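Enquirer: Here it is, the structure, as structure tokens.
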Amino acid sequence: EPPPPPPPVAIQWEKNFAQAVKKARKAGKPIIVDFWADWCGWCHRLDKTTYADPWVARKVQDFVAAKVDTEGSRKERDVAVKYQVASLPTIVFLSPMGRQLGRVNGFQGPGQFPRTLEAVMQVAHRVMSWEDALARNPDDPRALLALGAHLYEQEYFDDARELLKQAVARDAGEDPENRRQARMLLAIIEHVTRNYAEAEKLVKEALALEPGVEEESRLLFVLGRTYVSSGRQAEGVATFEVIVRQNPQSPIAQKARDTLVNMGRQKSDRLH
């Protein structure tokens with residue numbers, strides 16, 4: 001008689017996050033982290049539907065899978081804080097070095113989830129190649145910029161700042177476009193965290209690298225906002241006016257016009 005069919009694949013969840021990271025580094029695989037709690041009905045529903053789906057379980061074999069109870073041990077709660085888990089369920093995808101690749105906030109059914117895993121896998125290949133480049137040469141300015149830009153998009157601003165600072169310090173031989181991008185992203189982070197003098201210095205360095213018109217408008221916009229935020233209204237206004245004059249049709253010029261109108265309104269409010 002024919003042999004019995006192979007048993008369906010079930011996801012092997014690692015309950016210890018540190019162990020999962022070790023496994024991922026050894027196997028060169030990304031990590032899927034399921035953040036859950038006992039009271040979370042949608043978390044149990046994920047287990048019963050999405051994670052039980054054979055198609056999903058097969059795709060998850062390309063990852064190391066970990067479960068973290070957000071109300072579990074102190075270590076588990078720390079992991080939830082580190083990855084900014086604010087609601088449940090949350091599924092976070094990480095590189096073997098623990099950098100976020102993407103995330104799903106909320107429930108996702110077995111129809112959608114395989115597509116999510118495929119998209120994450122594409123990001124994982126890119127991020128892991130940059131991490132490999134840094135493992136070979138920690139001073140690689142391209143890998144530093146690429147990882148910094150990725151983490152900026154993922155809104156991990158502290159980690160992005162560290163990488164971008166290193167990129168800026170080491171990119172003398174790089175092409176102007178990369179050098180501008182590193183300085184612009186870092187300037188935006190410094191502006192958000194109120195290091196206005198540092199933001200201004202970075203934007204001026206980027207402008208000195210002779211950007212194209214569109215790029216220059218973007219940089220001037222960051223500079224104008226930095227002036228305004230640090231209380232230098234007149235310099236801010238003058239900078240926004242330059243954008244409107246130089247590149248009147250661009251979306252950035254429209255943002256500059258709107259900003260000038262709002263500043264005028266605020267000024268008239270203060271006078272009344």
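The values are calculated or read from the model by the stated rules, or taken from the named source; none is laboratory data. The model shown is predicted, which means the values in this text are computed figures rather than measured ones. Note that each Cβ is placed from the backbone with ideal geometry, even for glycine, and that neighbours are counted across all protein chains shown. For accessibility, only protein heavy atoms count, side chains too; no ligands or nucleic acids. Shrake-Rupley method; radii C 1.70, N 1.55, O 1.52, S 1.80 Å.
Enquirer: From the helices alone, meaning DSSP H stretches of at least four residues, give me the mean residue ellipticity at 222 nm for the chain, per-run term -39500 (n - 2.57), in deg cm²/dmol to the nearest 500. Mind dumping the intermediate values first?
Expert: Working: 12 runs with 167 residues, N = 272.
Computed ellipticity for the chain at 222 nm equals -20000 deg cm²/dmol.
Enquirer: Still on this structure, I have one more. To test your reading of the geometry: what angle, between 0 and 90 degrees and rounded to tens, separates the Cα axis of helix 157-170 from the longest principal axis of the chain?
Expert: In the chain, helix 157-170 runs at an angle near 60 degrees to the longest axis.
Enquirer: Which value results for Rg/Rh of the range 123-272 when Rg is the Cα radius of gyration and Rh the Kirkwood radius based on the inverse mean 1/r?
Expert: Values: Rg = 17.1 Å, Rh = 16.4 Å.
Rounded to two decimals, Rg/Rh equals 1.05.
Enquirer: Using the alpha carbons of the range 1-44, what is the convex hull volume per residue in cubic angstrom, as a whole number?
Expert: 138 Å³
Enquirer: Can you give the accessible area per residue of the chain, in Å², using a 1.4 Å probe? Could the numbers behind the result be given before it?
Expert: Working: 15050 Å² over 272 residues.
It amounts to 55 Å² per residue over the chain.
Enquirer: What do the square roots of 5 times the Cα gyration tensor eigenvalues come to for the range 65-203, in whole Å, largest first, as semi-axes of the equivalent ellipsoid?
Expert: Values: eigenvalues 182, 66, 38 Å².
They are 30, 18, 14 Å, listed from largest to smallest.
Enquirer: So if I restrict to the alpha-carbon atoms in the range 21-93, what is the Rg, and what is Dmax, the biggest pairwise distance, in Å?
Expert: Using the Cα atoms of the range 21-93, the pair Rg, Dmax is 12.6, 34 Å.
Enquirer: Where does the chain land on Rg(C-alpha)/(2.2 N^0.38 Å)?
Expert: Rg over 2.2 N^0.38 Å, computed on Cα atoms: 1.27.
Enquirer: Beta carbons within 10 angstrom, averaged per residue: use that to sort the peptides 109-119, 158-168, highest first. Show your work: numbers first, answer last.
Expert: On the way: 109-119: 14.9, 158-168: 20.6.
My ranking of the peptides, most packed first, is 158-168, 109-119.
Enquirer: Roughly how many percent of the accessible protein surface of the chain is carbon and sulfur, given a 1.4 Å probe and a whole-percent answer?
Expert: It is 52 percent, rounded to a whole number.
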